[in-house]
Amino acid sequence: MKQNTHVISGNAAAGVRERLRAINWERTGVLYARAALGSAFLSAVASRFGLWDRTLDLKHFENFLQYAAEVNSFLPKAAIPFVAWAATVAETSCGILLICGVWPRWVSFATAVLLAMFGTAMAISFGIKSPMDYSVFSASAAAVLLMLQASKHEVKKSFD
């Protein structure tokens, strides 16, 4: 009786191993990275308008304008509203397009550039520790890897 139990559990373990081997881990990793980057962008935008604390108002955006001025301390004050709105539009667009998987190569490239610019502005204004602590350059690097993977996939498709 004990041998049958062992055989059944051994077969179950073999089945699990086979299912794990059947998973396309590269595709799973890409989906995970796209969802993580996209949702991080959308979360930041949601905070700017008070959606996380359910108080939708522009007071939150005013706070974001102050933060944008601090991050971009090297820019003229008159440029800050444009930069803040441009970042909001870019983050919303990249977030949605990353999650949906639309234009993966170009959206990943835009994401990498956007994050690199943000990290650089943080480093200039607050010192290099700040973007390192918030993994801004790590997220930018993940976007570069997504771009390279999408490029590889596009080249492979063109030969099929």
Helix 80-100 axis, angle to the chain major axis (alpha carbon atoms, nearest 10°): 10
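What net charge do the residues around Trp103 carry, taking every other residue with its C-beta under 13 Å from that of Trp103, with Lys and Arg at +1 and Asp and Glu at -1? Don't skip to the answer; put the middle values down first.
Values: positive: Arg34, Arg105; negative: Glu154.
Charge balance in the 13 Å sphere: +1.
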5 Å binning of all Cα-Cα separations within region 1-133, expressed as whole percents from 0 upward: 2, 9, 13, 15, 15, 12, 7, 5, 5, 5, 4, 4, 2, 1, 1, 0, 0
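Are there chymotrypsin sites (Phe, Trp or Tyr not before Pro) in region 33-76 that DSSP marks as loop and that have at most 14 other Cβ atoms within 10 Å, and which are they?
Details: sites: Phe41, Phe49, Trp52, Phe61, Phe64, Tyr67, Phe74; in loops: Phe49, Trp52, Phe74.
Taking region 33-76 and a limit of 14 other Cβ atoms within 10 Å, the loop chymotrypsin sites (Phe, Trp or Tyr not before Pro) found are Trp52, Phe74.
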Farthest positive-ward along the chain dipole, Cα basis, beta-carbon charges - from Leu65, Ala141, Phe126: Ala141
q = 0.14, 0.16, 0.24 Å⁻¹: log10 I(q)/I(0) that the Debye formula gives for region 6-64, counting C-alpha atoms only: -0.60, -0.66, -0.90
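Only the coordinates and a few stated rules stand behind these numbers; no lab work does. For clarity, every value in this text was computed on a predicted model and none was experimentally measured. Here the Cβ is made from the backbone with ideal geometry for all residues, glycine too, and neighbour counts use every protein chain on show.
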